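Notes follow the structure.
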Amino acid sequence: MITCEVCVEGLPGAMAAEEGGAHRVELCAGLVEGGTTPSLGTLGLVLERIGIDAVVLVRPRGGDFLYTPDELDTILMDVGTVRGAGAFGIATGVLTRDGAVDVGAMERIMEAAGSLSVTFHRAFDMVRDPGEALETLIGVGVDRILTSGLERSVPEGQALIRELVQLADGRISIMPGGGLNQGNIREIVEDTGVREVHFTALSRWESPMAHRNLRPLMGANGVPGEYERITTDPAGVRAVVGSIANLA
């Protein structure tokens, strides 16, 4: 059987995936950013209300996969939370500045994960040398690699995915994800020899809000790129606070 993992954002998505026949979900928040760690409430409700396995994305922010020590501490704490909640597994990934798997970080994550199934997510698509990264992840003990073959979509990276399956030789699962749909998934599975697939099956629906104010915008006009970070500037905070510090 080919295991079908559906990437979902929240409880409604998880329930819909189960209803549609998914074998497993990857639970995320912030899919517009490529996915971030879901809230504790979301995690708890999903594990309570669905009967299929749930892998939980552990990613503290969008953008690249080079993390600060504080961000790595956040990842480790989230892994412990997911483990304590009783999920099937986690999906995460950490890279070094030069595009290799961060072995030290991944070893710490594997220790924190314990018996959880561990997916190295599409951070793999940003590595410098996929063959080297594959061997590193096998050595670390990761269960599967989620990848689009280092391309924008699986159809574009299909040849590399086929090669990775051959190189893995059963030592780790290669799970294609990114651009899979009803029209291409069968051919890709047959061509590459993968035994697990990952897709979204998203749909859009209109907000039920009757009263609407179209002037404010609650988020940014554009999503930051993979190599652009946004954070709080202490000098900017200081400037704004200072500008009203003398008001009564």
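The values are calculated or read from the model by the stated rules, or taken from the named source; none is laboratory data. From a predicted model like this one, the values you see are computed outputs, not experimental measurements. No Cβ is skipped: glycine too gets one built from the backbone with ideal geometry, and neighbour counts run over all protein chains shown. Heads up: the accessible areas ignore ligands, DNA and RNA and are worked out on the full protein's heavy atoms, side chains in. Shrake-Rupley method; radii C 1.70, N 1.55, O 1.52, S 1.80 Å.
Taking only DSSP H segments of four or more residues, each worth -39500 (n - 2.57), what value at 222 nm results for the chain once the sum is divided by all its residues, to the nearest 500 deg cm²/dmol?
On the way: 8 runs with 91 residues, N = 248.
Helix contribution divided over all residues of the chain: -11000 deg cm²/dmol.
Hey, got a sec? Which trypsin sites (Lys or Arg not before Pro) in the stretch 129-166 land in a DSSP loop and have at most 13 other Cβ atoms within 10 Å? Intermediate values should be presented prior to the final figure.
Working: sites: R144, R152, R162; in loops: R152.
Answer in residue order: R152.
At q = 0.11, 0.20 Å⁻¹, what log₁₀ I(q)/I(0) does a Debye calculation on the Cα points of the stretch 144-248 give, no solvent, two decimals?
-0.63, -1.01
Against the empirical 2.2 N^0.38 Å scaling, what ratio does the C-alpha Rg of the stretch 61-133 come to?
Numbers: Rg = 12.0 Å, N = 73, 2.2 N^0.38 = 11.2 Å.
Its radius of gyration relative to the 2.2 N^0.38 Å reference: 1.07.
Out of the stretch 166-248, which chymotrypsin sites (Phe, Trp or Tyr not before Pro) are coil in DSSP terms and have no more than 16 other C-beta atoms within 10 Å?
Details: sites: F199, W205, Y227; in loops: W205, Y227.
Those that pass, being in a loop and sparsely packed, are W205, Y227.
For all pairs of alpha-carbon atoms in the stretch 187-248, what percent lies in each bin of width 5 Å, listed from the first bin to the last filled one?
Taking all Cα pairs of the stretch 187-248, the binned fractions are 3, 8, 8, 9, 12, 12, 12, 11, 8, 6, 4, 2, 2, 1, 0 percent.
Of E19, E132, E206, which is the most mobile in a GNM of the chain whose springs link Cα atoms less than 10 angstrom apart?
Highest fluctuation of the listed residues: E206.
Roughly how many whole Å is it from the C-alpha centroid of the stretch 200-248 to that of the stretch 113-189?
34 Å
Plugging the Kirkwood radius over Cα pairs into Stokes-Einstein for the stretch 1-133, at a temperature of 4 °C and a viscosity of 1.567 mPa s, what D comes out in µm²/s? The partial results should precede the final answer.
Values: Rh = 15.0 Å.
For these conditions, the coefficient is 86 µm²/s.
Order T200, T231, most accessible first, counting only protein heavy atoms with a 1.4 angstrom probe. Provide the component values of the computation, followed by the final result.
On the way: T200 60, T231 125 Å².
Accessible-area ranking of T200, T231, largest first: T231, T200.
Report the local net charge at I2: Lys and Arg +1, Asp and Glu -1, summed over other residues whose C-beta lies under 12 Å from its C-beta. Display every interim value, and only then the final one.
On the way: positive: R24, R186, R195; negative: E5, E190, E196.
Here the count lands on 0.
When the accessible area of the stretch 1-159 is computed with all protein chains present and a 1.4 Å probe, what percentage of it is carbon and sulfur?
On the way: 3380 of 6660 Å².
Answer for the stretch 1-159: carbon and sulfur cover 51 percent of the accessible area.
If I take all pairs of Cα atoms in the chain, what percentage of them are more than 31 Å from each other?
On the way: 8487 of 30628 pairs.
I get 28 percent for the Cα pairs in the chain exceeding 31 Å.
Please work out the average accessible area per residue across the stretch 1-98, using the 1.4 Å probe convention, and give it in Å². Before the final figure, lay out the partial values.
Working: 4290 Å² over 98 residues.
Computed with neighbouring chains in place, this is 44 Å² per residue.
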